[in-house]
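The values are calculated or read from the model by the stated rules, or taken from the named source; none is laboratory data. Just so you know, these numbers come straight off a predicted model, no measurement behind them. Don't worry about glycine lacking a Cβ; one is built from the backbone with ideal geometry, like all the others, and counts go over all protein chains shown.
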Amino acid sequence: MKKIILCLSLLAVLSISLFARPIEPRDLPRKIKNFLDEHFDERGMKVERAEETKDDMYIVILHNCMSLAFDDDYDWLIIDGDGEEIPTTFLSKKELREIKDESRRGDSVVKLERTHRGIRVELDSGKEFRVE
């Protein structure tokens, strides 16, 4: 089941990027740039590539292969650390508490996906769960 969900997520990101046009990182909307500057830049995670889709969505690839997808309101939809820990400073205290309750000491968040039912969280241990 986990492999099916992973494949569907990858397929969704790939299908979005098939209809995307490359843009310069400096041309990203201000809200996305601010989000990246506040939560990713301080860790040395610089934008390597950015794309805009036909549906006004944005795909951002960082130099460490981390990928982020933003909707047409410039809010994040998917943050995929490609197996590496991702920042969680933008999550609410409640969401962070739920993640802490579900994880074991030493677990790192490697992927977040916003859904209509909350946020799907994936840890480096392979555990997946939802927070609301």
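Listed by first and then second residue, the pairs with beta-carbon distance under 7 Å, at least 6 apart or on different chains, first residue in the stretch 54-79 and of a type in the set (Lys, Arg), second surrounded by fewer than 20 Cβ atoms within 10 Å (Cβ to Cβ), are LYS54/PHE19.
Residues being within 23 Å of LEU123 (Cα to Cα), among the charged types (D, E, K, R), surrounded by fewer than 14 Cβ atoms within 10 Å (Cβ to Cβ) and touching a helix residue (DSSP H, G or I) at 6+ places or on another chain (Cβ under 9 Å) are entirely absent from the stretch 53-68.
Conditions (1) under 17 Å from LEU62 (Cβ atoms); (2) surrounded by 13 or more Cβ atoms within 10 Å (Cβ to Cβ), marked per residue:
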{"position": "GLU85", "(1), (2)": "yes, yes"}
{"position": "THR88", "(1), (2)": "yes, yes"}
{"position": "GLU95", "(1), (2)": "no, yes"}
{"position": "SER103", "(1), (2)": "no, yes"}
{"position": "SER108", "(1), (2)": "yes, yes"}
{"position": "ARG117", "(1), (2)": "no, no"}
{"position": "VAL121", "(1), (2)": "no, yes"}
{"position": "GLU128", "(1), (2)": "no, yes"}
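With the condition being over 18 Å from LYS33 (Cβ atoms), I'd like the strands (runs of 3 or more DSSP E) fully within the stretch 48-132 carrying at least 1 qualifying residues. Spell out the reasoning first.
Numbers: elements: 58-62, 67-70, 76-80, 109-115, 118-123, 128-131.
In the stretch 48-132, 76-80, 109-115, 118-123, 128-131 are the strands (runs of 3 or more DSSP E) which contain 1 or more residues that are over 18 Å from LYS33 (Cβ atoms).
Within the stretch 14-61, track down each residue that is touching a strand residue (DSSP E or B) at 6+ places or on another chain (Cβ under 6 Å), of a type outside the set (Val, Ile, Thr) and modelled with pLDDT of 75 or more. Once the filter is applied, which keeps residues that are touching a strand residue (DSSP E or B) at 6+ places or on another chain (Cβ under 6 Å), of a type outside the set (Val, Ile, Thr) and modelled with pLDDT of 75 or more, the stretch 14-61 yields PRO22, PRO25, LEU28, GLU48, ARG49, ALA50, GLU51, GLU52, TYR58.
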